Structure formats: structure tokens, C-alpha cells
Amino acid sequence: LYRRLLRQYPDARCELGSQTPFELAVATVLSAQCTDARVNLVTPVLFARCPDPASLAATPIGEVESIIRSTGFFRNKAKSITGLARAVIERHAGTLPASLAELVALPGIGRKTANVILGNAFGKNEGVVVDTHVGRLARRLGLTRHPDPVKIEQDLMILFPRASWTMLAHLLIRHGRRTCPARKPKCGECVLADLCPSAVLPR
């Protein structure tokens, strides 16, 4: 599965634009219930105004809300990212930490977001990012029976080598968007069709 997906999508990567680990953390928080494309329209404006944790923490919450409004749930997200900025300053001297335990202790960062940051900003394979695409494909491909993201992640971590965990998520997300969407999966075009127990192929 992994080798075929890698051949199909050799350029798969994190599609959230960022220049620093902190920017990636903020972008990932903003991506909840929002497309990466929309986040990538908003973050350049936000990071031009707030290029680091100190400036984000000092920016009036109303201004932050105005900048990120189009990402949805903007009030909660504004609280999360400004709280994150303050916590990074107070607990880590303004530098985003690079460990899972320290990241998940920060406001707005759960295990999925921490895995995004660790894998893409720090090159650490601590887990597998399980978003809606990864969860859907993992079940369709028979890699898990669980609906819970934490249990899905645990199953994937057993099945795939640690060195592949970050890229595995990128590959499954890309495949989920292009070939295996929630509705009308394109089984006839799928490079995994003969390995997939859910494939429905034309006779």
C-alpha cells in the first residue's frame, strides 16, 4: 500500500504554508473544520501582522478574529492561537517545544496537531496524523475497524514502519482527496483497488 501510494504521489507533503514551527502550529489550529487552501489565504496576512509568539500574544483579540474570520469558528480559534502564543512565551521562552508531551500541554494543541508539528517542522515520527481522510481510508482499506482516531492511529503505527508515519498521512490524505473521497470513490482509477476490501469495480 505504502509503496504504491508513494509512486502515485511522490510530491505528497503538508499543504499548510509555514516558515517556522510556530507558524505551522498556528496554521494547523486554524485548519480545523476548514480547508488548507482557505488557511493558506489567511495565514500570510496573520503572520505579516504577527510574525512571532510575542507579537501574536500582544495583538488585540478583535484584530486576530477579524484576520482569521473566514476560517470559521474564528472566536474560538483566536482564543486558541493567542493562548498558544502566551503559553509558548511563558513556558518555553518564546520557542515552540519539540516534544509530544510539551506540545499537547499547550492550548489548542491535541495529539493530531502535535503529530503534524513534530513530523513536518521537526522531522520526528512520533505518531500518525489521523484526520477525516486518513480515518476513512484506514477503515476502507481494512487497516482498522475503529472509528476513534486514537485507536486508528495505534493500528497504523503497528502496521507501518516508524520512518513512514509522517509521509503515510500525507499519502492517505492526498489519495482521499483525489481518488477516494467520502462520496463516490473512484475505484476504477485506484492504484490500491486490488488490495482494498471495499473496492467496487466495474464488471
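Remarks
- Per-region count, region 51-61, residues more than 22 Å from the chain's Cα centre (by Cα) and either of a type in the set (S, T, N, Q) or open to solvent by 40 Å² or more (accessible area, probe 1.4 Å) (or both): 6
- Residue within region 114-122 that is under 16 Å from the mean Cα position of the chain (by Cα) and over 16 Å from V29 (Cα atoms) present: yes
- Only one of A48, A85, A25 that is open to solvent by less than 10 Å² (accessible area, probe 1.4 Å) and farther than 23 Å from A169 by Cα: A85
- If the condition is being over 13 Å from the mean Cα position of the chain (by Cα) and closer than 26 Å to L159 by Cβ, then region 13-50 contributes no residue at all.
- Applying the set (1) open to solvent by less than 50 Å² (accessible area, probe 1.4 Å); (2) of a type in the set (S, T, Y); (3) farther than 23 Å from V104 by Cβ to T35 leaves exactly one unmet item: (1).
- In the set (1) outside any loop (DSSP other than H, G, I, E, B); (2) open to solvent by less than 70 Å² (accessible area, probe 1.4 Å), the condition left unmet by L41 is number (2).
The values are calculated or read from the model by the stated rules, or taken from the named source; none is laboratory data. Remember, it's a predicted structure, so these values are computed and weren't measured experimentally. Counting neighbours? That spans all protein chains shown, and the Cβs are built from the backbone with ideal geometry, glycine included. What goes into the accessible areas is simple: the full protein's heavy atoms, side chains included, and nothing from ligands, DNA or RNA. Shrake-Rupley method; radii C 1.70, N 1.55, O 1.52, S 1.80 Å.
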